[in-house]
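Quick notes on the structure that follows.
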Amino acid sequence: MLKKLSDLTSLNPLGLPTGRLLLRVPSGPYAGRLVAIFLATPSEMRLTFADPPFTNWSSPVVVVDDCTDAPFDCCVAPDNTIYIAYLAADISTLKTRKLSYAGGGWTPSTSVAAYNVDPAANPSIVIDTAATLWLAFNRYAAGSWYAQIKSSADSGVTWGTGPTDPGETLSTGANQLTAKLIAAPESLHLFLAYGSTKLVARTRPLPTGSWSDEFMVATALTGFNDQFDAALGPDGRVAVVYNDSQFRAREFDGLTWSAATTLATELQDSPQIIYIDSYPAILWLRSWSGDQKRLMFSTRRAGAFSDPAPLDRRADLFDSVLLYNHAAGTFEDLTSESASSVSGDIVHPASNCLVAQPGDALYVGMNDRFRYLHLSLSVAGIGGSIGCSYWNGATWVNFAPASGPANFDAATLRVHLWTDYRAIPPDWQQCAIGGLQRFWVRCEVLSTFATGPVGSQISAVSEITALSARR
């Protein structure tokens, strides 16, 4: 990750994949600025921003202090005002809060109750070209959830006729619902997942008009499928990605829906759609091993979606993994074994373990600088110690990993070599180890292991839990 923004204690820091939590300032001297809003604690949302090239982020400030640890959503108006929709600390009242913009910063206004009669959940908020705010949410009544929609023509001061007004009902009753609103110049689009039953789309002309009947985007979703996303392209095209029996995408050109495209045969997590120029790009998290997730992407530039590929190769599989045995004076290339699911196959033949004696070393290398090391061991080491170093062009430089000592003494080791990409030493240089030119981190034995560790998997794949793309 380029920059660590904050430590978190909430369970849902980025809400659902359908939420818009990374916004772009649309106008004024700071046009293009990115604004991130996240749930830092179970009761606090914070805001931070950065200007291009997005390397220096502001210190996070509290913008909501009366929420609960539940999904939320936000949108930005043409005048750079931000609106947040969230569930209040009473776990029932749905609220909105306006963040007024001036001089490059945002000031929170008093929260407004949008609905406070029945339990509510999963808000989705947008603003149309006439500056009308639209809010979709779930309402629990008579043992079922219903999708509701309300609007505000006064910047969120009043929703419908007030907080007791449930608004328009846009679904039948269900045991779980997830909604996403999209505001196009001349219409609203609503995507609605009915638990594991179906994903539907509805459209409403603007400024006035009625909602269309449900169009069936997909049936037989997998689980309570809140793992979907949809986005509007600059040409009015709409794309949606979802899980049914597989991971698929469809597009709507304003008249017809395309056939479903299969992006992966396995189910995927935290999908996001963004448009680059007029082409849709889909990002998601692919389970790799245990809780590790690979950040993947696919784009449609030449008629069909490209084969899925890692988005950030610095947080993926290593280009090279070598073991050095000091006594034998030999390297063993275990790159393929490090990426396999076979248990206990990462050993040097001279010692039958990963490393054992002083001078033995694990070398992990990539074609670019990286910051994370994940080791799965079938046998945890006992008694030894490890020192880490990198090559600065002249010598090996010792450093202490940001997460603490990495002594190969646990079945799973999550080693944060550096806090984020910006913390990587700028003097780290490539060098040739075993005839391979890479950026290497050397993990060398400092004191003898009584029991040598045995490896099963070694990668730079982290345990990402959620993804939010810029909207």
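Before moving on, here are some points about what is shown:
- Looking only at the stretch 210-220, residues that are at pLDDT 90 or above and open to solvent by 40 Å² or more (accessible area, probe 1.4 Å) come to 7 in all.
- For the stretch 55-66, the criterion of being out of contact with any Asp or Glu (no Cβ under 7 Å at 6 or more places or on another chain) and either of a type in the set (Phe, Trp, Tyr) or closer than 23 Å to ALA231 by Cβ (or both) is met by at least one residue.
- In the stretch 145-160, the residues that are open to solvent by less than 40 Å² (accessible area, probe 1.4 Å), out of contact with any Ser or Thr (no Cβ under 8 Å at 6 or more places or on another chain) and either within 12 Å of ASP118 (Cα to Cα) or aliphatic (A, V, I, L, M) (or both): ILE149
- In the condition set (1) open to solvent by 10 Å² or more (accessible area, probe 1.4 Å); (2) farther than 15 Å from ASN12 by Cα, PHE38 is compliant with all but (2).
- No other residue among SER92, SER58, SER100 is open to solvent by less than 50 Å² (accessible area, probe 1.4 Å), in contact with a strand residue (DSSP E or B) (Cβ under 8 Å, 6 or more places away or on another chain) and modelled with pLDDT under 95 apart from SER92.
- Among (1) under 30 Å from ARG371 (Cβ atoms); (2) open to solvent by 30 Å² or more (accessible area, probe 1.4 Å), the one test that SER27 misses: (1)
For (1) at pLDDT below 95; (2) under 14 Å from SER376 (Cα atoms); (3) open to solvent by 30 Å² or more (accessible area, probe 1.4 Å), each residue gets a yes or a no:
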position: ARG301; (1), (2), (3): yes, no, yes
position: SER306; (1), (2), (3): yes, no, yes
position: LEU322; (1), (2), (3): no, no, no
position: ASN325; (1), (2), (3): no, no, no
position: ALA328; (1), (2), (3): no, no, yes
position: ASP333; (1), (2), (3): no, no, yes
position: SER343; (1), (2), (3): no, yes, yes
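- Residue check, LYS198 on the phi < 0 side of the Ramachandran plot, among the charged types (D, E, K, R), crowded, with 23+ Cβ neighbours inside 10 Å and under 29 Å from the mean Cα position of the chain (by Cα): no
- Selected residue (criterion: nearest to THR412 (Cα to Cα)) from residues of the stretch 348-373 that are open to solvent by less than 10 Å² (accessible area, probe 1.4 Å) and part of a loop (DSSP other than H, G, I, E, B): LEU354
- With respect to being of a type in the set (Ser, Thr, Tyr) and not in a strand (DSSP E or B), SER298 falls outside the description.
- Members of the stretch 44-55 found to be touching a residue at least 40 places away in the same chain (Cβ under 8 Å) and either open to solvent by 30 Å² or more (accessible area, probe 1.4 Å) or not in a strand (DSSP E or B) (or both), listed by number: ARG46, PHE54, THR55
- Number of residues in the stretch 146-198 that are aromatic (Phe, Trp, Tyr) and either within 20 Å of THR81 (Cβ to Cβ) or in contact with a helix residue (DSSP H, G or I) (Cβ under 7 Å, 6 or more places away or on another chain) (or both): the value is 1.
- Looking only at the stretch 221-255, and only at residues there that are aliphatic (A, V, I, L, M) and at pLDDT 90 or above, the one that is farthest from ILE274 (Cα to Cα): ALA249
- Strands (runs of 3 or more DSSP E) (entirely within the stretch 56-155) containing at least 3 residues that are closer than 18 Å to SER171 by Cα: 120-127, 133-141, 144-152
- Within the stretch 271-287, the set of residues being part of a loop (DSSP other than H, G, I, E, B) and open to solvent by less than 60 Å² (accessible area, probe 1.4 Å) comprises just one member, SER278.
- Those strands (runs of 3 or more DSSP E) lying entirely in the stretch 386-448 with at least 3 residues open to solvent by less than 50 Å² (accessible area, probe 1.4 Å): 436-447
- The listed residue being in a strand (DSSP E or B), in contact (Cβ under 8 Å) with a residue 24 or more places away in the chain and open to solvent by 50 Å² or more (accessible area, probe 1.4 Å), out of SER456, SER378: SER378
- Residues in the stretch 76-89 that are open to solvent by 50 Å² or more (accessible area, probe 1.4 Å) and at pLDDT 95 or above: 2 in all.
- Members of the stretch 161-173 that are at negative phi and buried (at least 20 other Cβ atoms within 10 Å of the Cβ): SER171
The values are calculated or read from the model by the stated rules, or taken from the named source; none is laboratory data. These numbers were taken from a predicted model, which means no experiment stands behind them. Counting neighbours? That spans all protein chains shown, and the Cβs are built from the backbone with ideal geometry, glycine included. Heavy atoms of the whole protein, side chains included, go into the accessibility calculation; ligands, DNA and RNA do not. Shrake-Rupley method; radii C 1.70, N 1.55, O 1.52, S 1.80 Å.
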